[in-house]
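Step one of this worksheet: look at the structure below.
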Amino acid sequence: MSGGMGGLLSSGRGGSGRAAVDEPLWLEWLTLGGLLAFATWLLGARGVWHLLLTSDPTGLTLVILVVFVAATLWCGSRSRELQRQRRLMLAAARQARHGDPGDDGWAGAYWAALAASPRDSGAPLDLLLDQAQGPHHTAWWVNGIQLKLGLLGKVIGFSMLAIQIGQMQSFDAAQSQDLLRSLTSGLGVALLTTMVGLVGNILLGLQLTRLDRYADALVSDCQRLGLAIGASRQGD
C-alpha cells in the first residue's frame, strides 16, 4: 500500500504525479488582486473613474463595477477554499499510507463513500463534482450579466440618441455646438457601458477559467488517489 501511494505523492511529473503538486491558487489570486488594486488607484488618480461615472446618467456603469468587484472577491474566497481542499486531500492520502485516510474534506468524504460501496456507484462522484464545480456555474452566469448590462447600456444610449435626433425640428448652425453636446451624451452612454461590461467580462472570465481548471484537476486527482487506495486495500 505504501509503495503505490508513495509513488503518487512523491512523483512530480507524469500522469500519476500530478496529485502531489500543490498549485498556489490563492497566491495567484492575491497577485491578480494586487494588480487590479493598483490599476484601480492609477485610474482614479487620472480621473478616469470620475469621468466614467459622471458620463453615465443611467448608473449602469456603477452597477457593472459593483458586480465585478463582488464577483472578484468571491473568486478569491473560492480559490482559497479549493487550495485548502487540495491540501486536505494530500494530507488524507498521506494518512492512507499508514491506515485509514479519514473523511476530512471533499476528498476524504468521497473516498469514504466509495469504501461504503453505495448502491448508486456514481453518487459519490456526482457529489464531489457538485462541491468542486457546482458554484462556478452561478459565477459564470454572473459573468454573463456584466456583458448583458453593457449591451443594455448600448441600447439605452442609442435610444437616447435617437430620441434627441427625433426632437430636432430644425438645424441651426449657430446652435451646432449645443446640439452636438446633447447628441454625444447618448452615444457616450452606449460606448462607456459596453466597454466597461466587456472589460469586466474578460477579467472575471480569466479568473473563473482558472478556477474551473483547478477544480477539474482536484476532481481528477481525487479519483486517481481513490483508485490507488482501493487497489492497495484489495492487495492487503
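The values are calculated or read from the model by the stated rules, or taken from the named source; none is laboratory data. Note that this is a predicted model, so its numbers are computed, not measured. Heads up, the Cβs are rebuilt from the backbone with ideal geometry, glycines too, and the neighbour counts pull from every protein chain shown.
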Residues (assigned to a loop (DSSP other than H, G, I, E, B) and either within 19 Å of the chain's Cα centre (by Cα) or of a type in the set (G, A, S) (or both)) located in the stretch 23-59: E23, P24, G47, S55, G59
Scan (1) in contact with a Ser or Thr (Cβ under 9 Å, 6 or more places away or on another chain); (2) at pLDDT 90 or above for the single condition I202 breaks and write down its number. (1)
Would it be correct to say that W49 is surrounded by 15 or more Cβ atoms within 10 Å (Cβ to Cβ), over 24 Å from G226 (Cβ atoms) and touching a residue at least 40 places away in the same chain (Cβ under 8 Å)? no
